[in-house]
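The values are calculated or read from the model by the stated rules, or taken from the named source; none is laboratory data. What you see is a predicted model; the values in this text were computed from it and never measured. Because the Cβ atoms are built from the backbone with ideal geometry, glycine has one as well, and the counts that use them run over all protein chains shown.
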Amino acid sequence: MYAIERTQPHHVVFVCSEASRALVREYIRLANLGPERHEVLTLEDPDDLVLVYEQVSAALHRLRSRWPEASVVVDYTAGTKSMSCATAMAAVDCEDDKVTLRLVHGQRGEGSTVVPGTETHRPVQRIHDIRARRRLASLRGALARYDYVAAGAGIEEIICSDVSSQLAERCRPIRDLCRAFDAWDRWELQTARQLFTAYRSYPAGRQPAFERLTVLEQLAVVAEAARGGADLAAARDPYVAVEDLLLNAERRATQGRYDDAVARVYRALELLAQLRLRIAYGVDTADVDPGKLPEQARGRIDGDPEGEPRKLGLWRAWEVLAAYPNEPLAAWFAESRDRLWDFLAVRNQSILAHGVTAVSRREWEGKGQAALDLCRVALQRLSEAKVRKPLRHMQFPRDELLDGVSDGA
């Protein structure tokens with residue numbers, strides 16, 4: 001009765017056992033609740049936790065459907081332990097900020113019952129934090145797929161809800177890092193750099209943000225050099241752009257987007273040849289100066305010598321590169337030709353290249369992954385030849401990004 005007197009509800013749902021129906025009828029009489037202002041939910045078994053949970057959850061769903069804009073106060077003070085526990089669980093799982101929990105507190109007397117006159121009907125604090133942590137746990141699946149858009153949107157909803165300021169503050173960096181990794185995925189390097197700069201000292205997965213920012217700065221140099229605005233030779237590690245594409249390909253494969261993954265491996269192999277030719281020999285594959293090529297490779301140039309710029313596609317770029325004396329990747333190309341050719345056959349049939357079919361998981365695992373691994377071997381050869389001093393570039397974080405937030409730390 002105390003809870004009804006304090007809240008003055010428009011409608012009351014009494015949850016009781018068959019043995020308590022007489023007591024409920026007395027409450028209805030004392031509270032002067034007409035038939036239109038109350039209903040009685042009689043439990044089949046008040047000690048069956050799961051059954052009580054299901055019945056109370058269904059009742060809450062009916063209330064929310066009938067009065068979608070109303071506030072629902074769930075009081076779990078009385079009843080069996082299973083009834084109280086199941087009722088509280090159903091309210092928390094309702095995932096609706098308009099549904100709140102309340103409990104009658106007071107001085108305990110004989111039999112641990114609340115002494116009349118000492119009652120206080122208090123809301124359960126931070127129920128929204130409990131719900132938020134459950135939502136965060138559900139977002140681990142999105143992050144496991146590198147779906148930073150879905151994860152960031154879910155965290156944004158949590159921040160904008162009635163959670164405590166402490167939890168909101170812990171969630172905000174995670175949301176912003178999701179946005180940063182999403183921007184990076186889409187090669188929006190400036191946006192990603194701005195966000196990482198704001199969290200330079202933050203642990204962004206297994207690799208701290210300041211290290212990731214260093215990689216981003218190198219990627220920006222490569223992008224600017226492609227537009228003629230930067231000198232690749234002065235860059236610290238321009239080849240990290242190739243590794244970045246390979247990591248991106250792995251993320252697409254994790255999502256089951258095998259055509260995208262193959263396209264990125266293709267671009268990584270192409271970019272590696274382009275960077276090597278540009279940095280070591282001053283050759284621009286989009287506008288080739290034949291005088292800079294080994295004599296035996298000059299016949300491999302595409303384009304009209306009288307009009308269009310002379311160009312080198314992926315395969316011919318590698319053939320030209322391998323023709324230079326003492327080129328560190330020449331032996332690698334000779335060893336890898338057959339496997340690279342097999343990969344190109346799969347890529348060329350892709351809907352994202354020249355074909356009309358989708359790359360299957362089997363094709364990715366058989367040919368795509370093999371080409372990715374070959375490209376990493378080529379990068380390693382450059383390091384062994386002292387041509388490259390690689391920056392550390394690790395895969396983007398998955399659900400570990402939420403560690404320390406969803407677990408309540």
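Residues that are of a type outside the set (Val, Ile, Thr), touching a Phe, Trp or Tyr at 6+ places or on another chain (Cβ under 7 Å) and modelled with pLDDT of 90 or more do not occur anywhere in segment 70-80.
Residues of segment 252-279 that are surrounded by fewer than 18 Cβ atoms within 10 Å (Cβ to Cβ) and of a type in the set (Gly, Ala, Ser): 256 alone.
What do you reckon, is residue 298 part of a helix (DSSP H, G or I) and either out of contact with any helix residue (DSSP H, G or I) (no Cβ under 6 Å at 6 or more places or on another chain) or under 24 Å from residue 183 (Cβ atoms) (or both)? Walk me through it before giving the result.
On the way: part of a helix (DSSP H, G or I): yes; either out of contact with any helix residue (DSSP H, G or I) (no Cβ under 6 Å at 6 or more places or on another chain) or under 24 Å from residue 183 (Cβ atoms) (or both): no.
Answer is no for this residue.
Evaluate the following for residue 380: is it under 32 Å from the mean Cα position of the chain (by Cα), of a type in the set (S, T, N, Q), outside any helix (DSSP H, G or I) and at pLDDT 95 or above? For residue 380, the condition - under 32 Å from the mean Cα position of the chain (by Cα), of a type in the set (S, T, N, Q), outside any helix (DSSP H, G or I) and at pLDDT 95 or above - is not met. Contact map, segment 120-137: residues that are farther than 12 Å from residue 405 by Cβ paired with residues that are buried (at least 17 other Cβ atoms within 10 Å of the Cβ) and among the basic types (Lys, Arg), Cβ distance under 6 Å, separation 6+ or inter-chain. Pairs shown: 121/102; 123/102. Quick one: would you say residue 33 is more than 16 Å from residue 78 (Cβ to Cβ), surrounded by 15 or more Cβ atoms within 10 Å (Cβ to Cβ) and not aromatic (Phe, Trp, Tyr)? When the stated conditions are applied, residue 33 passes them.
Condition check ((1) over 24 Å from residue 18 (Cα atoms); (2) within 33 Å of the chain's Cα centre (by Cα)) across all residues:
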site	(1), (2)
64	yes, yes
67	yes, no
70	yes, no
76	no, no
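As for segment 142-164, it holds no residue that is assigned to a helix (DSSP H, G or I), surrounded by 15 or more Cβ atoms within 10 Å (Cβ to Cβ), over 12 Å from the mean Cα position of the chain (by Cα) and free of Cβ contacts under 8 Å to residues at least 12 places away in the same chain.
When each of 177, 189 is tested for being under 17 Å from the mean Cα position of the chain (by Cα) and either surrounded by fewer than 21 Cβ atoms within 10 Å (Cβ to Cβ) or touching a residue at least 24 places away in the same chain (Cβ under 8 Å) (or both), the lone residue that passes is 177.
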